[in-house]
Every structure is written in C-alpha cells, then in structure tokens.
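Participant: Sharing a structure below in structure tokens format, with a few things to ask.
The values are calculated or read from the model by the stated rules, or taken from the named source; none is laboratory data. All figures in this text were calculated on a predicted structure; none of them were measured in a lab. Quick reminder, even Gly has a Cβ in these numbers, built from the backbone with ideal geometry, and neighbours come from all protein chains shown.
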Amino acid sequence: MGNGCLRDKEDFLNALSLMDRYSEIHAMKVHGYCVMRNHGHWMFEASTEESISNLMRHMQGGYSRYL
C-alpha cells in the first residue's frame, strides 16, 4: 500500500460520507469530486461567502478525528 491518508476502501467511504454530511449542513451543492490516496479535488457551489471554508474545515477535522 502506498503513502497517503486514504489507505483503503473504508477511508475513501468515510471521506465521501463526511463530504455528504457537511455539504448538507452548509447547504452546498456538490458538482463533482475526485478522491485520491493523498488528496482530493472537490467542485462545490457555495451557498454563502463562508460555506466553502466552513465545509472544508469540518471535513478535514472530521477526517482527522477518524484517523
């Protein structure tokens, strides 16, 4: 297994679950994503000026707690 914070299928599913949960909380539309072992790319439609930074902060914090 290579280096990265997304080590296996469970990690990928957890990252997607966090994206789903926090995009709903912050009223964001998800238009696309690409999740790789060491990073991800996300295409969101912001609902407010702060929504993207809040969503990313929550996703990163949630994933850090998971790890």
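Participant: Out of everything in the stretch 5-20 that is of a type outside the set (Asp, Glu), surrounded by 11 or more Cβ atoms within 10 Å (Cβ to Cβ) and modelled with pLDDT of 90 or more, what residue ends up being nearest to residue 47 (Cα to Cα)?
Facilitator: 19
Participant: In the stretch 43-67, what count of residues is obtained for those that are exposed (fewer than 11 other Cβ atoms within 10 Å of the Cβ) and of a type outside the set (S, T, N, Q)?
Facilitator: Residues meeting the conditions: 4.
Participant: Moving to a separate point now. Tell me which residues, restricted to the stretch 1-42, are among the basic types (Lys, Arg) and within 14 Å of residue 59 (Cα to Cα).
Facilitator: Across the stretch 1-42, the qualifying residue is only 21.
Participant: While we're looking at this one, here's another question. For the stretch 10-60, give me each residue that is part of a strand (DSSP E or B) and more than 11 Å from the chain's Cα centre (by Cα).
Facilitator: Matches in the stretch 10-60: 29, 31, 32, 45.
Participant: While we're on this one: Give me the pairs: first residue in the stretch 21-32 and surrounded by 11 or more Cβ atoms within 10 Å (Cβ to Cβ), second residue of a type in the set (S, T, N, Q), beta-carbon distance under 7 Å, and six or more apart or on different chains, which are they?
Facilitator: 26/47; 26/51; 26/54; 27/47; 27/51; 28/47; 28/51; 30/23
Participant: Something else: Among the residues of the stretch 57-65, is any small (Gly, Ala, Ser) and in contact (Cβ under 8 Å) with a residue 12 or more places away in the chain?
Facilitator: Among the residues of the stretch 57-65, at least one is small (Gly, Ala, Ser) and in contact (Cβ under 8 Å) with a residue 12 or more places away in the chain, which makes the answer yes.
Participant: If a residue has to be within 14 Å of residue 6 (Cα to Cα) and of a type in the set (Gly, Ala, Ser) to count, how many in the stretch 37-67 make the cut?
Facilitator: 3
Participant: Sticking with this structure for a sec: Looking at 40, 2, can you tell me which residue is of a type outside the set (Ser, Thr, Tyr), modelled with pLDDT under 90 and surrounded by 16 or more Cβ atoms within 10 Å (Cβ to Cβ)?
Facilitator: Only one candidate qualifies: 40.
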